[in-house]
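The values are calculated or read from the model by the stated rules, or taken from the named source; none is laboratory data. Note that this is a predicted model, so its numbers are computed, not measured. Every residue, glycine among them, receives a Cβ derived from its backbone with ideal geometry; neighbour counts consider all protein chains shown. Quick note on the areas: whole protein, heavy atoms, side chains included, nothing else; ligands and nucleic acids left out. Shrake-Rupley method; radii C 1.70, N 1.55, O 1.52, S 1.80 Å.
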Amino acid sequence: MKFNDFKYERPKIGLVKNELIKLVDNLNNANSLDEALSIIKKYHKYEDNFSSNVQLAYIRHSLDTNDKFYNEEKDYLNKVLPEIQEYSVLFQKALLDSKFKDELEKELGILIFTQAKLIHKTFDPKIIPELQRENELSNEYSKLLASALIEFEGKTYNLSEMRPFSSNINRDIRKKASQAVSAWFNINIDKFDRIYDDLVKVRHEMALKLGYPSYVELAYDNLMRTDYNKDDVKTYRDQVYEEIVPLVKELVKRKGERIKIKDLKSYDLTLSFLNGNPSPKGNKDWQVEKALEMYQEMSEETYQFFQYMVDKDLLNLDSKKGKEGGGYCTYIPSYEAPFIFANFNGTSGDVDVLTHEAGHAFQVYSSRHLIPEYRWPTMESAEIHSMSMEFLAWPWIDKFFKEDTNKYKFDHLSGAIEFLPYGVLVDEFQHEVYENPKLSPKERRALWRNLEKKYLPQKIYDNDKFLEEGGFFFRQSHIFTSPFYYIDYTLAQVVALEFWSLSQEDFKKAWDKYYKLCTLGGSKTFLGLLEEVNLKNPFKKGTIKEVMKPINKYLNSINDKEL
Ligand code: ZN
């Protein structure tokens with residue numbers, strides 16, 4: 001069966017509720033451990049079936065946001081999901097109250113009980129209206145971004161299609177492209193401001209109703225961050241500020257020399273080489289073919305996995321009008337099918353999808369036989385698999401980049417480092433926003449711009465009033481639709497950089513560690529997973545400095561002006 005044959009069926013809210021009530025009742029009245037286990041198994045089956053339908057609706061909607069049928073399905077699901085959540089939470093409660101809890105813990109692991117506690121703590125039927133409102137606003141934001149049509153040099157483009165122009169070797173084109181994008185955001189500035197303002201307020205309201213001091217603590221619980229708190233994250237951000245910001249300054253200086261521009265402006269930063277950024281040397285189909293070759297050689301497991309993705313049409317990679325922007329990987333449990341969504345545009349970002357998103361997909365595929373709760377780890381752990389796969393692909397990356405291979409490697413590794421300050425900026429911004437929910441939209445934008453000056457001093461805007469006043473964050477969709485999911489990328493990046501070093505020393509050893517991590521899925525917490533496979537803890541002071549040593553050495557050994 002291919003993706004198009006996967007059957008979507010609207011989950012009928014009444015039936016779902018009845019099924020859940022029955023399961024809760026049965027679990028409460030279970031007379032033996034075996035009985036309890038078999039009810040939990042039934043619950044997992046229901047959950048897989050339900051989430052498969054939800055995923056199918058969401059995927060098909062994102063493939064064509066103008067599709068009337070899936071538009072309606074998405075609206076319907078956004079509305080009923082919080083109502084159904086009420087009953088799933090009852091099941092979690094029954095799990096916590098089970099008289100067989102100790103034995104169940106031994107069978108299923110302690111983590112699902114920790115999760116159950118958080119699910120219970122972060123939900124109350126009284127926040128259903130706020131959850132529904134939050135869904136509507138997120139949806140409105142995504143639609144607004146997808147609706148972007150930018151007139152440029154006589155043609156019309158969406159935001160993803162504009163990206164290649166922002167790294168064009170012609171400075172004038174870069175500048176004009178950047179201005180054209182800013183102009184579109186500026187026309188819609190009131191809409192973005194209003195959507196974000198409403199989101200902040202509705203999230204703050206939810207937190208108060210649940211008894212949290214602010215949305216920050218609720219967000220940590222929503223993201224199931226059980227082994228670190230906002231103070232650990234602050235210490236971590238400080239490490240990035242102290243260790244990475246000066247390093248990036250050095251890399252930016254090298255870039256300026258390389259592309260022969262003394263007064264670097266923000267629109268110059270996306271260009272890495274005067275003779276153009278590294279790009280894949282073939283179209284989408286050619287790249288998929290190369291990816292298949294790569295995964296075949298990498299390991300038996302990756303070969304089987306990627307062939308499966310291709311055979312079942314689980315990669316949707318072309319950029320199209322009406323298709324949602326960005327890229328993601330998700331999973332349809334009933335068909336044991338990971339799904340990769342992207343918008344190819346001819347840049348090296350295309351290859352990143354075939355490695356990054358494929359890393360996510362490979363992990364979930366490797367943990368498909370675990371219980372649903374353990375199939376995906378928490379976000380900061382999930383990004384380890386994807387970002388490390390980008391580095392594990394290095395021995396084969398010449399297949400895609402040919403003569404641009406060395407350029408790609410230098411750019412990829414330095415890009416990974418340049419990303420860290422941006423990532424912690426997105427995080428610090430959100431802490432400030434939700435700790436001070438009364439800020440006006442204008443104050444929020446000013447806050448963003450101030451943090452840019454702290455973490456990204458190289459961002460010098462050239463008379464771009466919109467960006468100067470802090471509008472850049474409008475295009476960072478996580479800030480709107482997945483609050484606080486961002487530091488995760490940077491934490492994972494630090495671990496992935498460790499994988500880079502390990503794979504340089506001994507690829508097979510690094511691969512075995514990586515594969516073991518993939519099969520563990522989300523059966524442990526972030527720090528638990530790192531400990532299990534003996535990887536460094538990024539929160540520990542000194543880790544970033546340590547991890548950066550071999551990377552620095554490598555970057556300094558490259559004569560980038562010759563690339
Ligand atoms: Zn990812």
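Can you tell me which lysines have their Cα less than 18 Å from the Cα of LYS508? Leave out same-chain residues fewer than eight positions away.
Within the straight-line cut-off, LYS508 pairs with LYS516.
Taking R0 as 56 Å, what FRET efficiency do you get between ASP197 and ASP313 from their Cβ-Cβ distance, rounded to the nearest 0.05? Could the numbers behind the result be given before it?
Numbers: r = 41 Å, r/R0 = 0.73.
According to the calculation, E is roughly 0.85.
Report P(r) for region 3-120: all Cα-Cα distances, bin width 10 Å, range 0 to the bin holding the largest distance, values in whole percent.
Per 10 Å bin, starting at zero, the Cα-Cα P(r) for region 3-120 comes out as 13, 39, 27, 17, 4, 0 percent.
Out of every Cα pair in region 524-563, what percent are spaced more than 15 Å from each other?
On the way: 442 of 780 pairs.
Looking at region 524-563, the distances longer than 15 Å represent 57 percent of pairs.
For a 29 Å ceiling on Cα separation, which of these pairs sit above it: LYS22/LYS121; LYS402/LYS465; LYS399/LYS561? Please list the in-between numbers first.
Values: LYS22/LYS121 22 Å; LYS402/LYS465 40 Å; LYS399/LYS561 23 Å.
Violating the 29 Å Cα-Cα cut-off are LYS402/LYS465.
Search the structure for amide H atoms under 5 Å from the amide H of ALA337, placed 1.01 Å from N in the peptide plane, and list their residues when 5 or more places away or on another chain.
Excluding prolines and chain starts, which carry no amide H, the hits are ILE332.
Mind listing the phi-derived Karplus ³J(HN,Hα) values for region 191-197, rounded to whole Hz, using 6.51, -1.76 and 1.60 with θ = phi - 60°, and x for any glycine or proline?
Using θ = phi - 60°, the values come out as 5, 4, 4, 5, 4, 5, 4 Hz.
For region 245-352, what is the relative contact order in percent, using Cα pairs closer than 8 Å and at least 6 residues apart in sequence?
Numbers: 96 pairs, mean separation 23.9, N = 108.
With pairs under 8 Å counted, the relative contact order is 22 percent.
Tell me the relative contact order for region 3-120 as a rounded percent, counting alpha carbon contacts under 8 Å between residues six or more apart.
On the way: 72 pairs, mean separation 38.4, N = 118.
Relative contact order here is 33 percent.
As a test of reading the structure, rank CYS518, CYS329 by solvent-accessible area (1.4 Å probe, protein chains only), most first.
Numbers: CYS518 0, CYS329 25 Å².
So the residues, ranked largest to smallest area, are CYS329, CYS518.
Report the dimensions of region 287-407 along its three principal axes from the alpha-carbon atoms, largest first, rounded to Å.
Here the spans come out as 45, 37, 29 Å, largest first.
Tell me, what is a quarter of the convex hull surface for the C-alpha atoms of region 145-219, in nm² with one decimal?
If you wrap the Cα atoms of region 145-219 in a convex hull and average its projections, you get 6.6 nm².
Among the aspartates and glutamates, which fall within straight-line cross-link reach of LYS438, defined as a Cα-Cα distance under 20 Å, with same-chain neighbours fewer than 8 residues apart omitted?
GLU130, GLU134, ASP190, ASP193, ASP197, ASP198, GLU205, GLU217, ASP427, GLU428, GLU469
Taking the Cα atoms of region 183-274, what is the range of coordinates along each of the three principal axes, in descending order and whole Å?
For region 183-274, the Cα extents along the three principal axes come out at 56, 39, 17 Å.
Tell me the relative contact order for the chain as a rounded percent, counting alpha carbon contacts under 8 Å between residues six or more apart.
Numbers: 709 pairs, mean separation 99.4, N = 563.
Computed value for the chain: 18 percent relative contact order.
From Cα coordinates alone, what are the radius of gyration and Dmax values for region 105-253 in angstrom?
Just the Cα atoms of region 105-253 yield Rg and Dmax of 21.5, 65 Å.
Go through LYS12/LYS41; LYS265/LYS442; LYS117/LYS201; LYS74/LYS540 and tell me which ones have a Cα-Cα distance over 32 Å in this structure.
Working: LYS12/LYS41 21 Å; LYS265/LYS442 24 Å; LYS117/LYS201 26 Å; LYS74/LYS540 42 Å.
Pairs exceeding the cut-off: LYS74/LYS540.
Ratio of region 423-563's C-alpha Rg to 2.2 N^0.38 Å, to two decimals? List each step's numbers first, then the result.
Numbers: Rg = 18.9 Å, N = 141, 2.2 N^0.38 = 14.4 Å.
Computed over Cα atoms of region 423-563, the ratio equals 1.31.
Report the gain in length on full extension from LYS253 to LYS540: 0.36 nm times residue separation, minus Cα-Cα distance, nm rounded to one decimal. Please report the intermediate quantities before stating the final value.
On the way: separation 287, 0.36 × 287 = 103.32 nm, distance 2.93 nm.
The LYS253-LYS540 span can extend by a further 100.4 nm.
For the chain, what is the accessible area per residue in Å², given a 1.4 Å probe and the full set of protein chains?
On the way: 24000 Å² over 563 residues.
Dividing the accessible area of the chain by its residue count gives 43 Å².
Can you give me the solvent accessible area of TYR303 with a 1.4 Å probe, rounded to the nearest 10 Å²?
Accessible surface of TYR303 is approximately 70 Å².
State to the nearest 20 debye the size of the charge dipole of the chain about its Cα centre, where the only charges are +1 on K and R beta carbons and -1 on D and E beta carbons.
Working: 80 positive and 89 negative charges, 227 e Å.
Here the size comes out at about 1080 debye.
For the chain, what does the helix formula give at 222 nm: sum of -39500 (n - 2.57) over DSSP H segments with n ≥ 4, over the residue count, nearest 500 deg cm²/dmol? Before the final figure, lay out each step's value.
Values: 27 runs with 365 residues, N = 563.
Roughly -20500 deg cm²/dmol at 222 nm, from the helical runs in the chain.
Given C-alpha coordinates of the chain, what is the ratio Rg to Rh with the Kirkwood estimate of Rh?
Working: Rg = 23.5 Å, Rh = 24.8 Å.
Rg divided by Rh gives 0.95.
If Rh is defined by the Kirkwood formula over all Cα pairs and Rg also comes from Cα, what ratio Rg/Rh do you get for region 322-388? Walk me through the intermediate numbers first.
Details: Rg = 12.4 Å, Rh = 12.5 Å.
Taking Rg over the Kirkwood Rh, I get 0.99.
Assign unit charges at the C-beta atoms only (+1 for Lys and Arg, -1 for Asp and Glu), then state the dipole size of region 3-120 relative to its Cα centre in Debye, rounded to the nearest 20.
Values: 17 positive and 20 negative charges, 28 e Å.
Taking the Cα centre of region 3-120 as origin, the dipole is about 140 debye.
If I take R0 = 35 Å and measure r between the Cβ atoms of LEU149 and GLU9 in this structure, what FRET efficiency does the formula 1/(1 + (r/R0)^6) give, to the nearest 0.05? Kindly include the intermediate steps, with their values, before the conclusion.
Details: r = 35 Å, r/R0 = 0.99.
That pair, LEU149 with GLU9, gives E of 0.50.
Which of the trypsin sites (Lys or Arg not before Pro) across region 245-300 are loop residues per DSSP, with 13 or fewer other Cβ within 10 Å?
Within region 245-300, the qualifying trypsin sites (Lys or Arg not before Pro) (loop, at most 13 other Cβ atoms within 10 Å) are LYS260, LYS262.
Could you look at region 3-120 and say what percent of its accessible area is carbon and sulfur, using a 1.4 Å probe and all protein chains?
Values: 3010 of 6020 Å².
Its accessible area is 50 percent carbon and sulfur atoms.
How large is ³J(HN,Hα), in whole Hz, for each residue of region 395-410 in order, when computed from phi with the Karplus curve 6.51 cos²θ - 1.76 cosθ + 1.60 and θ = phi - 60°, using x for Gly and Pro?
x, 10, 5, 5, 4, 8, 9, 6, 5, 8, 4, 5, 4, 4, 4, 4
Just the number, please: percent antiparallel of the DSSP beta bridges in the chain, rounded to the nearest 5. List each step's numbers first, then the result.
On the way: 8 of 11 bridges.
Restricted to the chain, the bridges split so that about 75 percent are antiparallel.
Can you compute the FRET efficiency between LYS453 and GLN476 using 1/(1 + (r/R0)^6), with r the Cβ-Cβ distance and R0 = 22 Å? Round to the nearest 0.05.
Working: r = 17 Å, r/R0 = 0.77.
The pair LYS453/GLN476 has a calculated efficiency of 0.80.
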